[in-house]
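Structure record follows, encoded as structure tokens.
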Amino acid sequence: MRELSVFADESGDKSNHSRYFLLTLVAHDQDDVIGEKIAHYERALCEADLPNIPFHSEPLLNGHKDYEYLGPEQRKKLLVAFNILVQRLPVRYKTFVYRRREFETPGKLEERMKRDVAGMLCEDLEYFQGFDHVKVYYDNGQVIVRNALDEAVASVLSKQAIVKRRTTMTEYRLAQVADYLCTIELAAVKYEAKEHGSTYDKFFGGAGSFKKNWLKQARRKRIS
């Protein structure tokens, strides 16, 4: 039985306080075993004397939560190590970018997300229908995202789709990959708009360096 896992992560909130709202979906064919790649990543952290903590982009960049007591150099090394893991994993992703000013209400944003996700599934329908089950993982952080995913997946894939929460460590790592890729795509938007600021410069370098390295590497895995 073939199964596809799809992990969702978002950046921004449904209010007008966020200029941008991004939704990233990361797909992984469960026939592609990734346990050894994750173990290699964790060994590399240990050998570099870096903490093996869950990867979360925003706290890492800003030195919050689990990263509070880590200096910028350690955090940059953690970011590089996770980037290497992402490059080695057999995943594909798609990010949808929305500008909040273009949506009068959260409901209109939800509708647009639902159409976009359904459109992505329809464009590659043969691929998605090649699986016996498509499992969608989302932490239910925002209702509009959950509703958009539920309705879009159900309308296109019907009974094949199962929406569930994360349960295993492997699934947890893949959810972190969605977090990472969502952050890279948000950085791309902000670099393009010249809104990136000193934190991005510190971790990704200037616009040229970011595009040549971080963005180029990530987009090798993007669903066209």
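Report, to one decimal in Å, the Kirkwood hydrodynamic radius for region 126-168 based on all distinct Cα pairs.
Values: mean 1/r = 0.0914 Å⁻¹.
It is 10.9 Å.
Among all lysine pairs in region 1-144 that are eight or more places apart or on different chains, how many have alpha carbons less than 30 angstrom apart?
22
How do D179, D124, D49 rank when sorted from fewest to most other Cβ atoms within 10 Å of their own Cβ? Walk me through the numbers before you get to the answer.
Values: D179 22, D124 15, D49 8.
Listed from fewest to most nearby Cβ atoms, that is D49, D124, D179.
What number in nm² do you get for region 19-119 if you take the convex hull of its Cα atoms and divide its surface by four?
Details: hull surface 33.6 nm².
It is 8.4 nm².
In whole Å, what are the extents of region 104-219 along the principal axes defined by its C-alpha atoms, from largest to smallest?
Ordered largest first, region 104-219 gives principal extents of 46, 38, 27 Å.
What FRET efficiency comes out for the pair R222/Y69, r = Cβ-Cβ distance, R0 = 45 Å, nearest 0.05? Each step should come with its number before you reach the end.
Numbers: r = 35 Å, r/R0 = 0.77.
My answer for the efficiency is 0.85.
Could you work out the pair-distance distribution P(r) of the chain from its alpha-carbon pairs, with 5 angstrom bin width and percents rounded to whole numbers?
Calculated over all Cα pairs of the chain, the distribution is 1, 6, 14, 18, 20, 17, 12, 7, 3, 0, 0 percent.
Listing M120, M113, M1 from the residue with the fewest other Cβ atoms within 10 Å to the one with the most, what is the order? Spell out each step's value before the answer.
Details: M120 18, M113 23, M1 7.
Going from least to most buried by this count: M1, M120, M113.
Quick note: the coordinates plus some simple rules give every number you see, no bench work behind them. Fair warning: this is a prediction, and the values are worked out from it, not measured in the lab. Cβ coordinates were reconstructed from backbone atoms using ideal geometry, including for glycine residues, and neighbour counts include every protein chain displayed.
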